[in-house]
Amino acid sequence: MSANREYKDSVFSWLFSNPDTLRELYGALSGVTLPPDVPITINTLEGTLFKGRMNDISFIIGGLLVVLIEHQSTINENMPLRLLLYVARLYERITDEKNIYRGKRVPLPLPEFIVLYNGAAPYPDETTLKLSDAFHDPAELGITKGDISLELTVKVYNINRGHNEPIIRRCKALAGYSAFIATVREYEEAGKSREEAIKQAVKECIKQNILKEFLEIHSTEVMNMLFTEWNWDDALAIQREEGMEEGLAKGREEGLEEGLAKGRQTGWEEAKTEYAEQLRQVQEQIRQLEEENRRLRER
């Protein structure tokens, strides 16, 4: 199994960074079989949005369908909005900007939006998020809401072990990823540190022929990447909780709504500063490990 390092931003996006794997993944999710000669063009955004986060995977199937897939370990109800901004950027890239001023309609690939969830919190097998759920109701202005002029629908699939098994069985890489993450969590639940749990999971999955080739070739990078990903998620979760607690305390003096808003903002700003330094240190460790691996290969 080969993977294109250029497109990776996480273990998940790295694993699903070549056309053949994406063809199999989309086929599993949609219940269709894409012939091997149908071209898959990866066009994942290279720029950053939302404070350093880029979209995970974007690709066009046969020039007709553009698919955006996000991988989430926590459910974010703002995903429809984020994906709206992503797809706008993609359409801007796909089209010649001069064409939109011509009278003739500019053909566009049909968009499809998917979130794959594998967090630890319970979540249903499948659900739907809609952009319209975030819209204000103009009823207080005396305006009756009729047809919604702008909508974006996101399908969310739980890919944890024991969920959506028919889908997962249809994609070998997805099944392997689900099993790998489940194995890491099992070692953590058994009392091992996160670092040790990831190391043991890599060894166990290689032994069990789960993502064997991928993990054998990229084990060091996978371990450091997953460790960084999960620590980042934990840092955000802790800061959100601390922000809410501070907001509640301030709310007693300043009013609940104002206090909550200030608490969230304070917690977020502190989290960014603190974790930026942690991330820099981890990246330096990764660089040193990669340099050591390169020297070993040259011997």
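No lab work stands behind these numbers, since they all come straight from the coordinates. Computed from a predicted model, the values in this text were never measured in an experiment. Glycine gets a Cβ as well: all are built from the backbone with ideal geometry, and neighbour counts include every protein chain shown.
How many angstrom lie between the Cα centre of region 144-159 and the Cα centre of region 63-121?
13
Find the relative contact order for region 14-144 and round it to a whole percent, using C-alpha pairs within less than 8 Å whose residues are 6+ positions apart.
Numbers: 136 pairs, mean separation 27.6, N = 131.
The value is 21 percent.
Which value in nm describes the separation of the simple spin-label points at residue 153 and residue 100, placed 7 Å from the Cα toward the beta carbon?
Going from the residue 153 label point to the residue 100 one covers 2.5 nm.
Once R0 is set to 22 Å, what does the formula 1/(1 + (r/R0)^6) return for the Cβ-Cβ distance between residue 110 and residue 172, expressed as a FRET efficiency to the nearest 0.05? Write out the running numbers ahead of the final one.
On the way: r = 27 Å, r/R0 = 1.22.
Once the sixth-power term is evaluated, E becomes 0.25.
Over 25 Å between Cα atoms, which of 98/145; 172/203; 172/207; 172/199 qualify?
Working: 98/145 35 Å; 172/203 19 Å; 172/207 16 Å; 172/199 22 Å.
Check vs 25 Å cut-off fails for 98/145.
Mind pulling up the Rg/Rh value for region 22-135? Radius of gyration and Kirkwood radius, both on Cα. Could the numbers behind the result be given before it?
On the way: Rg = 15.5 Å, Rh = 15.7 Å.
That ratio equals 0.98.
Put one equal scatterer on each alpha carbon of region 75-206, apply the Debye formula with no solvent term, and list log10 I(q)/I(0) at q = 0.10 1/Å to two decimals.
Normalising to I(0) and taking log10 leaves -0.55.
Search the structure for amide H atoms under 5 Å from the amide H of residue 115, placed 1.01 Å from N in the peptide plane, and list their residues when 5 or more places away or on another chain.
Result for residue 115 returns 70, 155, 156, 157.
In nm, give the distance between the simple-model label positions of residue 220 and residue 132, each being 7 Å from the Cα along the Cα-to-Cβ direction.
5.3
What residues have an amide H closer than 5 Å to that of residue 65, excluding those fewer than 5 places away on the same chain, when H is modeled at 1.01 Å from N in the peptide plane?
110
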